[in-house]
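Trainee: One structure is given below, represented as structure tokens, and several questions about it will come after.
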Amino acid sequence: MEGKIIFLFSILLLSVVSHSQNFDHKSAYDQLQTNGFPVGLLPENVVGYSLNTTTGDFVLNLDDHCQITLPPDNYLASYSTKITGKLLDRRIKELNGIRVRAFFQWWSITGIKSTEDDLVFEVGIASAKYKSKNFGAIPFCEGRKPRVASV
């Protein structure tokens, strides 16, 4: 009987590990870089994330809403406390939780593509291209004291 319990526990553990998320203990910023993106896409208040390495589905948690000014055109961006999407090599799609203010209204950023030197932000059917080097530093949330990001 004890052998069957150990066997069932081993199967359960193997199942959990095969569907594991974030077992390599990389920070969210490291994970971005691994997939071809600069760290400056995420604000400094990330407190946790999970990533299904098989499907690319991710959930990113912030300790509070955050607003930053995006370089170089100084658009105001708003980050929700929960951001979801699908992270693939040099592409983020099905993105939810990041909005940008442009042309006197808020637009949801639905995807981001990374090329060698550029980032292409998708907003519905429209897109805008910016140099990746503009996003080399982790931005601080406006109106908050900076904190050290570690996740």
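Trainee: Using 0.36 nm per residue, how much length does the chain from Lys86 to Gln33 gain when fully extended, once their Cα-Cα distance is taken away? Kindly include the intermediate steps, with their values, before the conclusion.
Mentor: Values: separation 53, 0.36 × 53 = 19.08 nm, distance 1.50 nm.
Length difference between fully extended and current span is 17.6 nm.
Trainee: Cut-off 19 Å, label point 7 angstrom out along Cα-to-Cβ of Asn74: give me the residues of the range 107-145 whose amide nitrogen falls inside.
Mentor: 130-131, 134-135, 139-144
Trainee: May I ask you to sort Phe103, Phe121 by Cβ crowding, counting other Cβ atoms within 10 Å and putting the fewest first?
Mentor: Details: Phe103 6, Phe121 23.
The fewest-first ordering by Cβ neighbours comes to Phe103, Phe121.
Trainee: Quick one: Leu51, Leu76, fewest Cβ neighbours within 10 Å first, how do they rank? Numbers along the way, then the final one.
Mentor: Details: Leu51 22, Leu76 14.
The fewest-first ordering by Cβ neighbours comes to Leu76, Leu51.
Where a number appears in this text, it was derived from the coordinates with a stated rule and is not lab data. Model, not experiment: these values are computed from the prediction. Positions of Cβ are generated from backbone atoms using ideal geometry, with glycine treated the same way; all protein chains shown enter the neighbour counts.
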